[in-house]
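So the structure is just underneath, and the comments pick up after that.
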Amino acid sequence: MRSYCRLKITLAGFFLAYLALALSGLLTQNKEIFPFYTWFLFAAVPNAGNHYEVVILKNKDQSFTPPLPYAQAANIAIFPQAITAYQFIQKMGRSHDKGDSREFAELARLFQRDFLIGPTTYQLLRIYYDPIERWRGKEAVPVVLKTIETTSATP
Amino acid sequence: MISLRKCRRFLSGSPPPPPPGLFRRFSGAFANKVILLRVFYISVLLVAISNFDAWSFHLASPDLIPLWPVGWTAYFPKNVSVISILGFQLATALLGAFFFGSRTVRILVFLGLLEYVAMRNSYGKIGHSYHLLVLLSFLLVFLPRGWNSASRRLVQAKTAVVFNACQFLIMMSYSLAGLGKVAMAFYQISQGQIHAFHPQALSLHVAQRLSETNGQSPLGPWMIDHSLLAWPMMQATLYLQLFAAVIVFRPSLQKFWAGGLILFHVFSFLILTINFPFNCFLLGLFFLVEKQPPTSLRRMLADLPLFGMVFRRMSQKSA
């Protein structure tokens, strides 16, 4: 019977530790101490505000006029429609706006390495929009933050 | 120990008196749990085998940005590390499918999954499709010796406790998701922003998600244009998620809640193109197939979190 009580207490301890680790994970860069996740998925409702986008100007010998949004760039983008790519671009944009040039250069290097195929010239844009209006086709005016040209595997 | 019992009693609301022949039923339910836990280990093998297609991706992909469980890969050539992890997961999953009775094998299965899922998520961004599988395999390490052929009551009781802990872990993940949404809603209200209780909330989520990914979802565009009809779905989701953990202590509602959460995943795919197939499988395994005592609609209504109190009072008055 004592082992039964011990098992219950151990399991209760596991859940408390889980909560502690999951919440501590929010303070880390990945927002998570793997595999203890808070599951705070889609917590914030997206409001009108600044969003960041990448558009491709040139890839290998092919130029794009008008520039090709990353999410539509099959054969150039490794994960064109993945949410991971979108989130990475937001991270790059925020880093640029913060003025942290070292962090931005590192993120741009990783973006080229993990999200693009071949040497690419692309622009990082900042766009203010309301998600529903944008979905309905209202054009938002983008601000070009940076044009990045990569000639090899890394910029 | 007493406080744990108090906690359980509080969460279970107003449990009915134990039915006659409870212990005989307990043995039947125990046999069912053993089968379900065996199926869990077969599903780990399914993960290993169904991911054969991804081997070439992992071998061809760029260097890992390793999470801590695969931090050791930094000291070895990438292909050696990747093949070791994939091979180890396959080998441990095969072992688990045959020898799930052994605690050593269950520890190996957990380590195999931990390494594999950590590697999957070592490309700069963490996805969450397999997290529950890893955590459940950890909890199942605590199954007592002889759990799969037990006749002793103590072993049966310990197995049931571990099984219930697995159920709680699954539902806790949903409760945390609900809690995050509700907490953020109060923050957004304080900021004067549109929040999770607002009629436009789901439409905004859908519009944002489909713009982000350029995704084509069957129901997404319709949801954006009919935000008032989407609103009850959003509120139902919040209710289902927030109180999911409480349901573990209210057996009458378990199948209903698990079904609701599976439907939530189905609609998440149809509306937002987000797919969590393993969560659906685990909900089915630990709640839908789980043997429960027969219940009534009145019992279910009385057990509902928040609203159950009203139904309990109504039935007390009519009695």
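If you rank B:Phe98, B:Phe163, B:Phe138, B:Phe88 by fewest surrounding Cβ atoms within 10 Å, what's the result?
Details: B:Phe98 11, B:Phe163 23, B:Phe138 19, B:Phe88 16.
Least crowded to most crowded, the residues run B:Phe98, B:Phe88, B:Phe138, B:Phe163.
State to the nearest 20 debye the size of the charge dipole of segment B:191-311 about its Cα centre, where the only charges are +1 on K and R beta carbons and -1 on D and E beta carbons.
400
Quickly work out the B:Ser149-to-B:Ser315 label distance, labels modelled 7 Å from Cα along the C-beta direction, and quote it in nm with one decimal.
4.3
Identify, among B:Ala160, B:Ala74, B:Ala60, the residue whose Cα sits farthest towards the positive end of the charge dipole of segment B:45-171, taking +1 on the Cβ of Lys and Arg and -1 on the Cβ of Asp and Glu, with the dipole about the Cα centre.
B:Ala160
So which aspartates and glutamates can B:Lys125 reach, going by Cα to Cα under 20 Å and dropping same-chain residues fewer than 8 places off?
Leaving aside aspartates and glutamates fewer than 8 places away in the same chain, those within reach of B:Lys125 are A:Glu32, A:Glu53, A:Glu103, A:Glu106, A:Asp114, B:Asp63, B:Glu115, B:Glu212.
Using only Cα atoms and rounding to the nearest 10 degrees, what angle (0 to 90) does helix A:101-115 make with the longest principal axis of chain A?
Tilt of helix A:101-115: around 90 degrees.
Going toward the positive end of the dipole of chain A, with +1 on Lys and Arg Cβ and -1 on Asp and Glu Cβ, which of A:Ala71, A:Thr84, A:Ala20 do you reach last?
A:Ala20
Would you mind computing, in nm to one decimal, how far apart the modelled labels at B:Leu46 and B:Phe88 are, each placed 7 Å from Cα along Cα→Cβ?
2.5
Using only the Cα atoms of chain A, each taken as one equal point scatterer with no solvent, compute I(q) by the Debye sum, divide by I(0), and report log10 of the ratio at q = 0.12, 0.15, 0.21 Å⁻¹.
Rounded to two decimals, the profile gives -0.64, -0.88, -1.38.
Assigning unit charges at the beta carbon (Lys, Arg +1; Asp, Glu -1) and nothing else, what dipole magnitude in debye, to the nearest 20, does chain B show about its Cα centre?
1840
With +1 on the Cβ of every Lys and Arg and -1 on the Cβ of every Asp and Glu, and nothing else charged, how large is the dipole of segment A:10-155 about its Cα centre, in debye rounded to the nearest 20?
In debye, rounded to 20, segment A:10-155 gives about 60.
Only counting other Cβ atoms within 10 Å, I'd like B:Lys158, A:Lys60, B:Lys125 sorted with the fewest neighbours first. Write down the numbers at each step before the final one.
Values: B:Lys158 23, A:Lys60 10, B:Lys125 17.
Least crowded to most crowded, the residues run A:Lys60, B:Lys125, B:Lys158.
Taking Cα atoms of segment B:175-319, Rg/Rh with Kirkwood Rh, to two decimals?
Rounded to two decimals, Rg/Rh equals 1.02.
Provide the per-residue ³J(HN,Hα) series for segment B:33-50, in order, calculated from phi with Karplus coefficients 6.51, -1.76, 1.60 and θ = phi - 60°, each as a whole number of Hz, with x at glycine and proline positions.
With coefficients 6.51, -1.76 and 1.60, one gets 4, 4, 5, 4, 5, 5, 4, 4, 5, 5, 5, 5, 5, 4, 4, 4, 6, 5 Hz.
Taking other Cβ within 10 Å of each residue's Cβ, how do B:Ser252, B:Ser217, B:Ser203 sort, fewest first? Please report the intermediate quantities before stating the final value.
Working: B:Ser252 23, B:Ser217 19, B:Ser203 26.
Ascending Cβ contact count within 10 Å gives the list B:Ser217, B:Ser252, B:Ser203.
Note down the nm distance, to one decimal, between modelled labels 7 Å out along Cα→Cβ at A:Lys138 and at A:Ala20.
4.9
Which of the residue pairs B:Lys33/B:Lys291; B:Lys6/B:Lys291; A:Lys91/A:Lys146; A:Lys8/B:Lys158; B:Lys255/B:Lys317; A:Lys60/A:Lys98 have a Cα-Cα distance greater than 19 Å in the structure shown? Let's see the in-between values first.
On the way: B:Lys33/B:Lys291 8 Å; B:Lys6/B:Lys291 25 Å; A:Lys91/A:Lys146 14 Å; A:Lys8/B:Lys158 8 Å; B:Lys255/B:Lys317 28 Å; A:Lys60/A:Lys98 31 Å.
Beyond 19 Å: B:Lys6/B:Lys291; B:Lys255/B:Lys317; A:Lys60/A:Lys98.
Evaluate peptide A:72-85: per residue, the Cβ atoms of other protein chains within 10 Å of its Cβ; return the mean as an integer.
3
Computed from the coordinates by the stated procedures, all read-outs in this text should not be read as laboratory data. Quick caveat, the model's predicted, so the values are computed rather than measured. Backbone-built Cβ (ideal geometry, glycine too); neighbour counts: all protein chains shown.
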